[in-house]
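Here the structure comes first, spelled out in structure tokens, and everything after it is commentary.
The values are calculated or read from the model by the stated rules, or taken from the named source; none is laboratory data. These figures come from a predicted structure and were not determined experimentally. Cβ placement follows ideal geometry from the backbone for every residue including glycine, while neighbour counts extend to all protein chains displayed.
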Amino acid sequence: MDKEIEKLISKETDRQNRGIELIASENYASKEVRDACGSILTNKYAEGYPGRRYYGGCEVVDEIESIAIARANELFGSKFANVQPHSGSQANAAAYRALMPEGGKVLSLVLNDGGHLTHGSPVSFSSHLYTFVHYHLDTNGRLDYENIRRAALEEKPNLILAGYSAYPYEIDFKKIKEIADEAGCLFMVDMAHIAGLVAAGVHNSPVGVADVVTSTTHKTLRGPRGGLILTNNEELAKKINSAIFPYYQGGPLEHVIAGKAICFKEALSDDFKEYALKVKENTKACADELEKLGVKSSGTENHLFLMNVLDSFGINGKEAQAKLEEIDITTNKNMIPGDTLPPSKTSGIRIGFAASTTRGCSKDNAIEIAHIIYDYLKGNSSKEESLAKVHSLTSSWKKIEEI
Ligand code: DSN
């Protein structure tokens, strides 16, 4: 009936198939996950939790949500999971509420160094309900644990927060936990970006180290768009459940929860472990090749890296993002540590390989992508030549409908 939206979905399908997706927070969910999200489960109201709902007819969604919870716990080795958050932001809001009183103090990474809006940005609810103080990265763009320790002892926060949106290196969660213990405060990790790497065991896990771990399910974890909260502490788990429902949310999205259950099962497979390893390999191959070409990049130990386009090509992040979009490569402008440009321009772009690896991008392809990016931003290659190379790669990969 609605040809207008049908046409637009088809146009977006074409865009996703045609292009190389390098936005580090994106991925392609499997057909099974997408089918669950588009299923009749969207029809059901189920406020409450399995066995404790405010509506009749919840026996089937109770089973689905219980399976999702059990699989999340199996995947991450946690004792309690809340699979209802509609997003990572909702998950963080609920975790804060469970962990401290309103006005409580949080020590988190400053947004410009790779933090997240909900980690205390002035334009987010977080800074209005809680008091945020920030730590910074060192001059090499790495976490300075001694600096976090000093800030924690000086500021005496209720909570230290780790887990970032644009941090290209492994995070030592145990070290931050030791600091939290020394400062007598709680420790929370937002592992949204690296959840898939953690699930696959190719990044150390914050579960069982931090008091609460939040995540999204759609980035490296490759599930439906949504949030997740994990803890081993029963008292905190109860507070988290009340903070999600009824405090922040009403009816859970059981169709998305079914998608999360499928995603957790997929992530428990050996194939997923292999996938996560390849994501890291591809990201490193591209970053290394760009460096060989003389580009200033952060290097990488996970699924993403930052490229300093201002120093490397004389254009800002906004311009680089727009130029790459001309050749069907999607990235996003990103602040780099010590950035002198505002967030609307930035000196860098963020590049990740979670999505393209799902489609079948190989290490050689990742190296070729480094050359395509370099040649186009340098002006060595025309738009037509670059587009032909991009389309030759993407037409050799899996179509997104077939994933
Ligand atoms: N917007 C996400 C990202 O791109 O990293 C974080 O929530």
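Being without any contact (Cβ under 8 Å) to a residue 60 or more places away in the chain and either within 16 Å of the ligand (Cβ to nearest atom) or surrounded by fewer than 21 Cβ atoms within 10 Å (Cβ to Cβ) (or both), is that true of even one residue in the range 75-82?
Step one: list which residues in the range 75-82 are without any contact (Cβ under 8 Å) to a residue 60 or more places away in the chain, which gives none.
For the range 75-82, residues without any contact (Cβ under 8 Å) to a residue 60 or more places away in the chain and either within 16 Å of the ligand (Cβ to nearest atom) or surrounded by fewer than 21 Cβ atoms within 10 Å (Cβ to Cβ) (or both): absent.
Any residue at all in the range 294-302 that is touching a strand residue (DSSP E or B) at 6+ places or on another chain (Cβ under 8 Å), of a type outside the set (S, T, N, Q) and either within 16 Å of the ligand (Cβ to nearest atom) or farther than 26 Å from Gly196 by Cα (or both)?
In the first step, residues of the range 294-302 are kept if they are touching a strand residue (DSSP E or B) at 6+ places or on another chain (Cβ under 8 Å); the result is 295-299.
Restricting the remaining residues to those that are of a type outside the set (S, T, N, Q) gives 295-296, 299.
Those still in the list that are either within 16 Å of the ligand (Cβ to nearest atom) or farther than 26 Å from Gly196 by Cα (or both) too: 295-296.
Within the range 294-302, one or more residues are touching a strand residue (DSSP E or B) at 6+ places or on another chain (Cβ under 8 Å), of a type outside the set (S, T, N, Q) and either within 16 Å of the ligand (Cβ to nearest atom) or farther than 26 Å from Gly196 by Cα (or both).
Name every residue in the range 133-184 that is among the basic types (Lys, Arg) and part of a helix (DSSP H, G or I), in order of residue number.
Kept after step one, since they are among the basic types (Lys, Arg), are these residues of the range 133-184: 142, 149-150, 156, 174-175, 177.
Result: Arg149, Arg150, Lys174, Lys175, Lys177.
Quick check: anything in the range 190-197 among the β-branched types (Val, Ile, Thr) and touching a strand residue (DSSP E or B) at 6+ places or on another chain (Cβ under 8 Å)?
Filtering the range 190-197 for residues among the β-branched types (Val, Ile, Thr) gives 194.
From the residues that got through so far, the ones that are touching a strand residue (DSSP E or B) at 6+ places or on another chain (Cβ under 8 Å) too are none.
Within the range 190-197, not a single residue is among the β-branched types (Val, Ile, Thr) and touching a strand residue (DSSP E or B) at 6+ places or on another chain (Cβ under 8 Å).
For the structure I just gave you, tell me whether Ile351 is away from the ligand (no atom under 16 Å from the Cβ) and more than 16 Å from Gln16 (Cβ to Cβ). Outline the logic, then answer.
Values: away from the ligand (no atom under 16 Å from the Cβ): no; more than 16 Å from Gln16 (Cβ to Cβ): yes.
So Ile351 fails the test.
Report every pair of residues separated by at least 6 positions or lying on different chains whose Cβ atoms are under 9 Å apart, first residue within the range 233-244 and within 12 Å of Ala81 (Cα to Cα), second among the basic types (Lys, Arg) and not in a helix (DSSP H, G or I).
Asn233/Lys79; Glu234/Lys79; Ala237/Lys79
Restricting the search to the range 103-118, which residues are β-branched (Val, Ile, Thr) and within 14 Å of the ligand (Cβ to nearest atom)?
Taking the range 103-118 as the starting set, the residues that turn out to be β-branched (Val, Ile, Thr) are 106, 110, 118.
The answer is Thr118, and nothing else.
State whether the residues of the range 108-123 include one that is part of a loop (DSSP other than H, G, I, E, B), surrounded by fewer than 22 Cβ atoms within 10 Å (Cβ to Cβ), at pLDDT 95 or above and of a type outside the set (A, V, I, L, M, F, W, C).
no
Inspect all residues belonging to the range 5-27 and state whether any of them is under 30 Å from Val209 (Cβ atoms) and crowded, with 21+ Cβ neighbours inside 10 Å. It would help to see each step written out before you state the result.
Applying the first criterion (under 30 Å from Val209 (Cβ atoms)) to the range 5-27 yields 23-27.
Still in the running and crowded, with 21+ Cβ neighbours inside 10 Å: 24, 27.
Within the range 5-27, one or more residues are under 30 Å from Val209 (Cβ atoms) and crowded, with 21+ Cβ neighbours inside 10 Å.
If Glu301 satisfies all but one of (1) within 17 Å of the chain's Cα centre (by Cα); (2) within 30 Å of Ala70 (Cβ to Cβ); (3) surrounded by fewer than 21 Cβ atoms within 10 Å (Cβ to Cβ), what's the number of the condition it fails?
Checking Glu301 against (1) within 17 Å of the chain's Cα centre (by Cα); (2) within 30 Å of Ala70 (Cβ to Cβ); (3) surrounded by fewer than 21 Cβ atoms within 10 Å (Cβ to Cβ), the one that fails is (2).
Scan the range 83-92 for residues that are surrounded by 21 or more Cβ atoms within 10 Å (Cβ to Cβ) and either more than 13 Å from the ligand (Cβ to nearest atom) or in a loop (DSSP other than H, G, I, E, B) (or both) and report the count.
Residues meeting the conditions: 3.
For the range 185-269, which helices (runs of 4 or more DSSP H) that fit wholly inside it have 2 or more residues that are of a type in the set (D, E, K, R) and away from the ligand (no atom under 16 Å from the Cβ)?
Details: elements: 195-200, 234-242, 254-267.
Once the helices (runs of 4 or more DSSP H) in the range 185-269 are filtered for at least 2 residues that are of a type in the set (D, E, K, R) and away from the ligand (no atom under 16 Å from the Cβ), what remains is 234-242, 254-267.
Pull up the range 23-46, narrow it to residues that are part of a loop (DSSP other than H, G, I, E, B) and over 15 Å from Ile400 (Cβ atoms), then point me to the one that is nearest to the ligand (Cβ to nearest atom).
Once the filter is applied, the top-ranked residue is Ser25.
Tally time: how many residues in the range 359-384 are more than 20 Å from Glu289 (Cα to Cα) and surrounded by 14 or more Cβ atoms within 10 Å (Cβ to Cβ)?
Within the range 359-384, the subset more than 20 Å from Glu289 (Cα to Cα) is 359, 382-384.
Restricting the remaining residues to those that are surrounded by 14 or more Cβ atoms within 10 Å (Cβ to Cβ) gives 359.
So the answer is 1.
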